[in-house]
Amino acid sequence: MKILVSVKRVIDYNVKVRVKPDNTAVDLTNVKMSMNPFCEIAVEEAVRLKEKGLASEVVVVSVGAKSCQETLRTALALGADRAIQVDAEDGLDSLSVAKLLAKVAQNEAADLIILGKQSIDSDNNQTGQMVAALLDYPQATFASEVVIESGEAQVTREIDGGLQTLLVTLPAVVTTDLRLNEPRFASLPNIMKAKRKPLDVTTPAELGVDVGSNVTVLSVAAPAERSGGVKVASVAELVDKLKNEAKVVS
Amino acid sequence: MSVLILAEHDNKSLKPATLNTVTAALDIHSDVHVLVVGADCQAVADAACNIAGVSKVLVADNAVYEHQLAENVSKLIVEVAGEYSHILAPATTTGKNTLPRVAALLDVAQLSDVIKVEAPDTFVRPIYAGNAIATVKSNDAVKVITVRTTGFDAASSEGGNAVSEPLAHVIESNKSRFVKEQVAQSDRPELTSASVIVSGGRGMGSGENFALLDGVADKLGAAIGASRAAVDAGFVPNDLQVGQTGKTVAPDLYIAIGISGAIQHLAGMKDAKVIVAINKDEEAPIFNVADYGLVADLFDAVPELETSL
């Protein structure tokens with residue numbers, strides 16, 4: 001079984017996001033960038049499947065400008081075997097990325113495609129589902145457990161109000177939720193080793209995919225600030241305020 | 001131009017998220033249709049016909065749709081999509097699972113988690129976990145949109161008189177099979193639609209201590225929530241999690257107990273009308289967003305709160 005994992009380079013999740021003064025975008029200059037946390041979980045899951053002897057090869061792919069090679073090297077240090085950069089401008093929309101990933105998945109004849117359920121920048125939660133639709137593959141999104149058995153994946157999914165378990169026939173798409181696993185840290189020897197692992201570069205043109213979007217961002221603004229209110233001295237004062245000032249308790 | 005909404009339901013009852021989505025749809029256009037896909041779901045279809053502002057309800061009622069798997073439901077939506085300028089679903093796990101498939105099959109973009117309709121082609125949506133708000137314009141022929149329900153009031157569930165139309169075409173899903181579902185049973189209101197929420201954090205100390213919140217929640221008719229820290233510590237199941245990676249809520253009253261107020265938690269609850277924080281650490285960031293803050297040991301304050309309500 002061959003696994004394809006996609007990874008995205010995003011603003012580090014610990015960084016406080018600031019909007020540019022001209023309200024065109026979020027300011028990414030001199031900001032720490034990292035692998036999207038859900039993508040890290042995807043890489044970890046693929047590597048664990050390989051360590052269990054269930055996968056023969058783990059290929060990681062990222063769509064973006066040259067800097068995303070850093071993210072691919074991180075994935076290689078975590079245990080992926082080989083990397084592919086689809087050299088394109090950063091910030092392509094989900095459908096374009098899905099078309100590129102679908103083409104790579106076909107070229108690689110991947111049996112399982114694992115993606116993060118969403119990236120923490122655009123928060124779209126679309127790409128995995130779109131890849132599955134384009135390839136007419138089944139999907140198991142928001143996975144908290146993946147069991148591979150005789151050409152099928154049994155996946156437990158986090159849904160509103162609880163958990164749902166699906167059995168999908170491979171090839172299939174799985175997207176990761178937070179509790180699927182806890183990603184390992186890359187060790188120094190593995191970081192060194194990752195530098196020598198193969199990293200191929202391709203382009204949307206080579207893949208025969210037209211990228212573009214009919215969606216334009218008109219503005220990006222900071223959210224309305226919520227200001228702190230008052231401190232109350234006692235439970236009695238709190239209840240009094242809730243009843244008589246905020247009037248949310250009768 | 002008409003708007004189609006994928007109804008959120010469990011085959012027995014229509015979920016309130018559908019009502020908020022109807023309001024979003026009516027902000028786009030006055031001709032709003034609802035699609036009910038399920039099995040033995042006539043009661044849901046009837047409820048959809050009663051929603052104020054809905055003119056037509058399409059019903060695909062067949063055993064193959066029992067668990068609303070994305071594979072065949074998305075194909076069904078694409079079959080009826082031709083008539084519509086907009087296809088909407090609430091941004092629930094079902095909507096998020098299904099609609100991107102629809103968008104890809106239609107070769108259009110999807111706009112996720114829309115919180116405001118500026119114009120029929122222009123929408124507002126949070127990005128970076130709500131730390132930035134984007135206004136986006138779509139020139140796609142069909143706009144596929146998931147709606148963050150807390151951004152819109154609920155349409156009235158009564159007063160409508162929509163015509164119902166069965167969809168006979170059955171699409172199998174043979175590559176994906178339902179195995180089982182574990183849904184937490186509770187007498188309390190659903191977290192995402194509750195008007196009052198009492199949430200506990202790491203400060204609760206243990207899962208057993210969450211029982212302390214029951215008394216307050218009972219008196220207020222509240223749902224119980226939790227921070228990610230409390231979920232990760234194993235105190236409560238993850239379906240209680242409020243935050244960037246959990247549920248986004250906007251109740252009238254949100255009481256945060258033993259919650260420090262990490263950015264990722266605030267992203268999920270800062271749209272509450274009134275926020276109360278009870279925490280013994282007076283430096284906790286939750287106090288920066290709370291309308292009423294009480295610096296106190298929760299193990300003293302919560303029982304006292306219960307008796308004074």
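The values are calculated or read from the model by the stated rules, or taken from the named source; none is laboratory data. These numbers come from a predicted model, not from an experiment. Virtual Cβ from ideal backbone geometry, glycine too; neighbours counted across all protein chains shown. Accessible surface areas use protein heavy atoms only, side chains included; no ligands, DNA or RNA. Shrake-Rupley method; radii C 1.70, N 1.55, O 1.52, S 1.80 Å.
Quick check on this structure: which one of A:146, A:168 is more than 8 Å from chain B (Cβ to nearest Cβ) and of a type in the set (A, V, I, L, M, F, W, C)?
Step by step, each of A:146, A:168 is checked, and only A:146 is more than 8 Å from chain B (Cβ to nearest Cβ) and of a type in the set (A, V, I, L, M, F, W, C).
Is it true that some residue in segment B:285-308 is among the acidic types (Asp, Glu), over 29 Å from residue A:118 (Cα atoms) and touching a residue at least 40 places away in the same chain (Cβ under 8 Å)?
yes
Counting only residues that are in contact with an Asp or Glu (Cβ under 6 Å, 6 or more places away or on another chain), open to solvent by 70 Å² or more (accessible area, probe 1.4 Å) and closer than 19 Å to residue A:186 by Cα, how many does segment A:6-53 have?
Residues that pass the stated criteria total 1.
Show the residue pairs that are 6+ apart or on different chains and have beta-carbon atoms under 6 Å apart, the first residue being within segment A:108-132 and without any contact (Cβ under 8 Å) to a residue 40 or more places away in the chain, the second being of a type in the set (Phe, Trp, Tyr).
none
Which members of segment A:19-46 meet the condition of being assigned to a loop (DSSP other than H, G, I, E, B) and more than 30 Å from residue A:110 (Cα to Cα)?
A:20, A:21, A:22, A:23, A:24, A:25, A:27, A:28, A:29, A:30, A:31, A:32
Within segment A:43-76, how many residues are over 14 Å from the mean Cα position of the chain (by Cα) and closer than 21 Å to residue A:1 by Cα?
Within segment A:43-76, residues that are over 14 Å from the mean Cα position of the chain (by Cα) and closer than 21 Å to residue A:1 by Cα number 14.
Given A:158, A:206, A:245, A:182, which one is more than 8 Å from chain B (Cβ to nearest Cβ), closer than 28 Å to residue B:236 by Cβ and either acidic (Asp, Glu) or without any contact (Cβ under 8 Å) to a residue 24 or more places away in the chain (or both)?
Just one listed residue meets the conditions, A:182.
If you scan segment B:281-309, which residues turn out to be within 7 Å of chain A (Cβ to nearest Cβ), part of a helix (DSSP H, G or I) and within 15 Å of residue A:232 (Cβ to Cβ)?
Matches in segment B:281-309: B:287, B:301, B:304, B:305, B:308.
Is one or more of the residues making up segment A:110-129 away from every other protein chain (no Cβ under 11 Å) and open to solvent by 20 Å² or more (accessible area, probe 1.4 Å)?
Looking for residues that are away from every other protein chain (no Cβ under 11 Å) and open to solvent by 20 Å² or more (accessible area, probe 1.4 Å), one finds at least one in segment A:110-129, hence yes.
Just for segment B:54-67: of the residues that are out of contact with any Ser or Thr (no Cβ under 7 Å at 6 or more places or on another chain) and of a type in the set (A, V, I, L, M), which one is most open to solvent (accessible area, probe 1.4 Å)?
Per the criteria, the residue is B:63.
Of all residues in segment B:269-279 being modelled with pLDDT of 95 or more and open to solvent by 10 Å² or more (accessible area, probe 1.4 Å), which is farthest from the other protein chains (Cβ to nearest Cβ)?
B:279
Identify, from the list A:98, A:80, A:153, the residue that is of a type in the set (A, V, I, L, M), modelled with pLDDT of 95 or more, farther than 26 Å from residue B:110 by Cα and within 18 Å of the chain's Cα centre (by Cα).
Answer to the selection: A:80.
Checking residue A:134 against (1) more than 18 Å from the chain's Cα centre (by Cα); (2) of a type outside the set (Gly, Ala, Ser); (3) assigned to a strand (DSSP E or B), only one condition comes out false. Which one?
Failed condition: (3).
If you go through segment B:36-53 one residue at a time, how many are outside any helix (DSSP H, G or I) and open to solvent by less than 10 Å² (accessible area, probe 1.4 Å)?
Of the residues in segment B:36-53, 5 are outside any helix (DSSP H, G or I) and open to solvent by less than 10 Å² (accessible area, probe 1.4 Å).
Given the options A:249, A:235, A:211, A:173, name the one that is farther than 30 Å from residue B:253 by Cβ, open to solvent by less than 40 Å² (accessible area, probe 1.4 Å) and among the β-branched types (Val, Ile, Thr).
A:173
Results for (1) at pLDDT below 95; (2) at positive phi; (3) more than 8 Å from chain A (Cβ to nearest Cβ), shown as yes or no for each residue.
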{"residue": "B:217", "(1), (2), (3)": "no, no, yes"}
{"residue": "B:225", "(1), (2), (3)": "no, no, yes"}
{"residue": "B:233", "(1), (2), (3)": "yes, no, yes"}
{"residue": "B:238", "(1), (2), (3)": "yes, no, no"}
{"residue": "B:243", "(1), (2), (3)": "yes, yes, yes"}
{"residue": "B:250", "(1), (2), (3)": "yes, no, yes"}
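Within segment A:214-231, how many residues turn out to be buried (at least 17 other Cβ atoms within 10 Å of the Cβ) and either at pLDDT 95 or above or more than 9 Å from chain B (Cβ to nearest Cβ) (or both)?
Matching residues across segment A:214-231 total 2.
So, restricting to strands (runs of 3 or more DSSP E) that lie completely within segment B:121-235, which ones have at least 2 residues that are open to solvent by less than 40 Å² (accessible area, probe 1.4 Å)?
B:122-127, B:132-138, B:143-147, B:196-200, B:223-226
Taking only segment A:72-93 into account, find how many residues are open to solvent by less than 10 Å² (accessible area, probe 1.4 Å) and among the polar types (S, T, N, Q).
Of the residues in that region, 1 qualify.
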